[in-house]
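The values are calculated or read from the model by the stated rules, or taken from the named source; none is laboratory data. Here the structure is a predicted model, which is why all the values come from computation and not from measurement. Reconstructed Cβ throughout: ideal geometry from the backbone, glycine too, with neighbour counts over all protein chains shown. Calculation scope for accessible area: heavy atoms of the full protein, side chains included, ligands and nucleic acids excluded. Shrake-Rupley method; radii C 1.70, N 1.55, O 1.52, S 1.80 Å.
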Amino acid sequence: MLQGQNFLKETDFTAEELTYLIDFSIHLKELKKKNIPHRYLERQNICLIFEKTSTRTRSAFSVAASDLGASVEYFGMTDIQMGNKESVEDTAIVMGSMFDGIEFRGFKQTDVETLGKYAGVPVWNGLTDEFHPTQMIADFMTIKETYGRLEGLNLVYAGDGRNNVANSLMITAAILGVNIAIAAPKELFPAEDLVKQAQAYAEESGAVIRLEEDIQKACQNAHAIYTDVWISMGEEDLMEERINQLKGYQVTAELFEEADDQAIFLHCLPAYHDLKTSNGVYFKEEFGLEEMEVSDEVFRAPYAKQFQQAENRMHSIKAIMAATNGHLFVP
Ligand code: CP
Ligand code: NVA
């Protein structure tokens, strides 16, 4: 039912279609665990273009494609002419004539949209400055694996409320009927037009969207508390400003006392939870920080599901590639 479609942002799909992708991901995870072959993209060729670095997304696309029987070609920005000697439009036409699907991770949402417009094959957004849609299928899959349902649950996102992950979470939650509270200082609340868009979806789905400066209040009765890095890729110059703005928004064990008894911690990763690494020495000396967006205690707690979430990137990207390339999953 999703054959030939792009996944550039969450609003490309209806609630029913997003749910279908989540359920298909859960099914594919079972097949993988039972070692049952699912080579739905046999003889296909997948193109991966990365303008920014990645651990999970690149690995997930590569392993998922391999399990599905497809080949993968990876392009970092020093490998490809795009955006340098050649326009995004021309690159899209060329890549689309050879490959059966294209993943793009980069800065501008307009670039992935241009690829999607001209490639003629499915284009998947592997993260831009605005959205991280493939991450959403893994995240809501992880919540569904925990609770067996999504509608009516309370999700909290604490931290930079204007970044790609926050934007995507707010929109996806609104579409799927999951209540979401964004806990952030006012200046890092999501952009007004995006909140309006989310509210329009929420009216349909029954979700409640809240913007909260008080993180404690935001976490009351939460079923999942989610955070992301305070400084996203490409924003390194904002380090000091962000740390000062977000110091009070670290996810700590005390917040889980406000939350539902079964509440889980989520993080898309990578995380700054323990600054004892070489990078950490820099943060520690420069900013006096031991931990950033999440305490090490929470990160290592039994209710922390970030590694399940990371594994789910692979199962969900497999579902996204298979579904948009014509495989029909019958639940
Ligand atoms: N969560 C995520 O997208 O991780 P990577 O940046 O490692 O791909
Ligand atoms: N907001 C983060 C997400 C990383 C997966 C970033 O853009 O760097």
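A few comments on the model shown:
- Unique residue being touching a strand residue (DSSP E or B) at 6+ places or on another chain (Cβ under 8 Å) and either small (Gly, Ala, Ser) or in contact (Cβ under 8 Å) with a residue 12 or more places away in the chain (or both) when the list is Asp67, Asp100: Asp100
- Scanning segment 35-58 for residues that are away from ligand 2 (no atom under 16 Å from the Cβ), touching a helix residue (DSSP H, G or I) at 6+ places or on another chain (Cβ under 6 Å) and outside any loop (DSSP other than H, G, I, E, B) turns up Ile46, Cys47.
- Residue in segment 132-140 that is modelled with pLDDT of 95 or more and away from ligand 1 (no atom under 13 Å from the Cβ) present: yes
- Pairing each residue of segment 1-26 that is closer than 13 Å to Ile320 by Cβ with any residue that is among the basic types (Lys, Arg), provided the two are 6+ apart or on different chains, yields C-beta distances under 8 Å for Ile22/Lys144; Ser25/Lys318.
- The set of residues in segment 286-331 being more than 27 Å from Asn125 (Cα to Cα) and assigned to a helix (DSSP H, G or I) consists of Glu286, Phe287, Asp296, Glu297, Val298, Phe299.
- Residue match in segment 157-169 (condition: open to solvent by less than 30 Å² (accessible area, probe 1.4 Å), away from ligand 1 (no atom under 16 Å from the Cβ) and in contact with a strand residue (DSSP E or B) (Cβ under 9 Å, 6 or more places away or on another chain)): yes
- Qualifying positions in segment 38-61 - of a type outside the set (Lys, Arg), surrounded by fewer than 18 Cβ atoms within 10 Å (Cβ to Cβ) and more than 16 Å from the chain's Cα centre (by Cα): His38, Glu42, Asn45
- The set of residues from segment 107-125 being touching a residue at least 12 places away in the same chain (Cβ under 8 Å), more than 29 Å from Lys32 (Cβ to Cβ) and not hydrophobic (A, V, I, L, M, F, W, C) comprises Lys108, Gln109, Asp111, Glu113, Thr114, Lys117, Tyr118, Gly120.
- When segment 214-238 is filtered for residues that are among the aliphatic types (A, V, I, L, M) and closer than 20 Å to Ala301 by Cβ, the ones remaining, listed by number, are Ile215, Ala218, Ala222, Ala224, Ile225, Val229.
- Count - residues of segment 124-156 that are of a type in the set (Gly, Ala, Ser) and surrounded by fewer than 21 Cβ atoms within 10 Å (Cβ to Cβ): 2
- Test: residue in segment 56-64 that is free of Cβ contacts under 8 Å to residues at least 60 places away in the same chain and away from ligand 1 (no atom under 13 Å from the Cβ): no
- Some residue of segment 249-262 being open to solvent by less than 20 Å² (accessible area, probe 1.4 Å), modelled with pLDDT under 95 and part of a helix (DSSP H, G or I): no
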